[in-house]
Amino acid sequence: MIQLTSIIIMTVQIAALVAAILSWKKYSNSTQKYFLFFLIYIVLNEIAGYVIGGNNLYLYNIYTVLSISFYLFWFHQILDNKWIIKVFGLVFLSTIMYSAIKLDFWTNLWVLPFIPSSIIIIICSTMFFNSFLNHKSAINYINSQKFWIVAGLLIFYIGFLPIALTWDLIDKGSVPFRLIIMTLNLLLYGFYIKSFLCLKQN
């Protein structure tokens, strides 16, 4: 089951990367241009994790640092309240520093940043929608790349937050856990794919 769900997640990630590459010219001058490089990293990281096998926790510690840092950077680009993103960045950095001091980088998964980072992304997504829905561009939301990306992030982290809160109580090898993680990833990258494909409708 673990191998199957990992392959399915990797497949949808690769599909999102392909969509990003094929649609590159449509968004290469926008703030979403960075997502192409982010998706390249995600696919390479997932492949490396799959090949290395069980002793790959350090890869996901790096992923936690880079992915949340990237999302904060992007939200800083698209939101008006720049100062709050900087505050969130400091909060996230403090959890990373604490984890680095308390836990071994190579053999322990840095779980502590999961909860604050999930809350941060949910708040940033809510701030985006609050601004977006009060703007006339909301009428054409179906062609808004930002809309689909943020929708995917919001859904993913709303679903992931309860997992983060109960992480120590969950059997990470169980079928329900793997199915939930797979479903959340399918939704997230499905929305990413939609964000790239919607550009073809312009």
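So here's what we get for this one:
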read-out	value
Subset of segment 89-136 (residues that are closer than 18 Å to Y60 by Cβ and not hydrophobic (A, V, I, L, M, F, W, C))	T95, Y98, S99, K102, D104, T107, N108, P113, P116, S117, S118
Boolean, F105 is on the phi < 0 side of the Ramachandran plot and open to solvent by less than 40 Å² (accessible area, probe 1.4 Å)	no
Candidates S174, S125, S118, filtered to the one that is among the polar types (S, T, N, Q) and under 18 Å from Q77 (Cα atoms)	S125
Close pairs (8 angstrom Cβ cut-off, 6 or more residues apart or separate chains): under 20 Å from Q3 (Cα atoms) and of a type in the set (V, I, T) in segment 51-70, in a helix (DSSP H, G or I) and at pLDDT 95 or above anywhere	I52/L59
Residue in segment 181-202 that is loosely packed, with under 15 Cβ neighbours inside 10 Å, outside any helix (DSSP H, G or I) and free of Cβ contacts under 8 Å to residues at least 40 places away in the same chain present	no
Subset of segment 110-136 [open to solvent by 40 Å² or more (accessible area, probe 1.4 Å) and part of a loop (DSSP other than H, G, I, E, B)]	L112, L133, N134, H135
Residue pairs meeting the criteria (Cβ under 7 Å; at least 6 apart or on separate chains; first crowded, with 21+ Cβ neighbours inside 10 Å, in segment 137-162; second assigned to a helix (DSSP H, G or I) and small (G, A, S))	Q145/S195; W148/S195; I149/S195; V150/S125; L153/S125; Y157/S118; F160/S118
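The values are calculated or read from the model by the stated rules, or taken from the named source; none is laboratory data. What you see is a predicted model; the values in this text were computed from it and never measured. Every residue, glycine as well, gets a Cβ built from its backbone with ideal geometry; the counts of neighbours run over all protein chains shown. With ligands, DNA and RNA removed, areas are computed over all heavy atoms of the protein, side chains included. Shrake-Rupley method; radii C 1.70, N 1.55, O 1.52, S 1.80 Å.
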